[in-house]
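Let me begin by presenting the structure, written as structure tokens, before commenting on it.
Nothing in this text is a laboratory measurement; each read-out follows from the coordinates by a stated rule. Given the structure is predicted, the values throughout are model-derived calculations rather than measurements. Cβ placement follows ideal geometry from the backbone for every residue including glycine, while neighbour counts extend to all protein chains displayed.
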Amino acid sequence: MTPTIAMLIFVLGAVIWFIIRAPARRRARKAAIKVSGRTVRETALMAISLTGLGILPLAYVASNFESARFRFLDFADRPFVPALAWLGALVFAASLWLFYRTHKDLGRNWSVSLDIRESHKLITTGVYASVRHPMYSAFWLWAIAQALLLPNWIAGFSGLVGFGTLFFGRIGREEQLMCETFGEEYRAYMQRTSRVLPGVY
């Protein structure tokens with residue numbers, strides 16, 4: 001494992017993420033929105049997450065190739081540890097598998113924002129059987145993989161900060177919306193599941 005290979009793995013993971021999400025976006029457009037939580041605050045949280053998980057790390061990777069005119073964030077580089085990069089590749093693979101499964105299990109119930117569809121159903125099977133928010137689990141794994149793959153204190157850890165801001169800024173409102181929509185069914189579901197890490201949180 002070399003730094004270049006580690007960065008290419010990160011880019012490949014981002015491309016696979018896009019490929020997984022594209023069909024879900026198309027399906028979601030066909031389902032009418034009943035309740036939308038797309039506020040200015042929500043848009044800001046999404047932008048912060050995108051910056052940490054996408055813009056900063058991809059700009060860092062792009063600037064590390066020979067044709068680049070300057071090295072972005074080079075002052076924050078850290079020593080490259082091949083073993084950590086291998087671990088990062090495995091974590092990223094797990095993230096992408098979980099990301100795929102959540103989209104498959106949700107079907108047309110998926111939304112990029114806090115939306116309730118007209119025919120919205122509460123999904124409690126598949127990867128949702130023990131975790132209420134496995135897509136967030138997938139993004140946490142992505143952020144961890146990013147920190148392991150990219151040998152830079154800012155580009156590597158920006159995913160944890162960016163997505164962490166979205167997660168903690170949104171999770172309470174999302175669960176409140178689900179309780180308002182599904183009532184006791186969702187409250188009972190909360191009692192028997194964890195938010196993102198089975199048996200822990």
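General observations
- Helix-only mean residue ellipticity at 222 nm for the chain, each DSSP H run of n ≥ 4 adding -39500 (n - 2.57), per residue, nearest 500: -21000 deg cm²/dmol
- Compared with the dominant Cα axis of the chain, that is its longest principal axis, helix 3-29 is turned about 20°.
- Estimated distance in nm for a label pair at residue 193 and residue 171, the labels positioned 7 Å out from Cα along Cα-to-Cβ: 1.4 nm
- Relative to the current alpha-carbon distance between residue 179 and residue 25, full extension at 0.36 nm per residue lengthens the span by 53.0 nm.
- Residue 63-residue 81 pseudo-label distance in nm [points 7 Å out on the Cα-to-Cβ vector]: 2.4 nm
- Computed FRET value (nearest 0.05) for residue 125 with residue 46, which takes r as the C-beta separation and R₀ as 45 Å: 0.95
- Angle of helix 40-50 to the longest C-alpha principal axis of the chain, folded into 0 to 90 degrees and rounded to 10: 40°.
- Extending 7 Å from Cα along the Cβ direction at residue 5 and again at residue 70 yields two label points whose distance is 3.2 nm.
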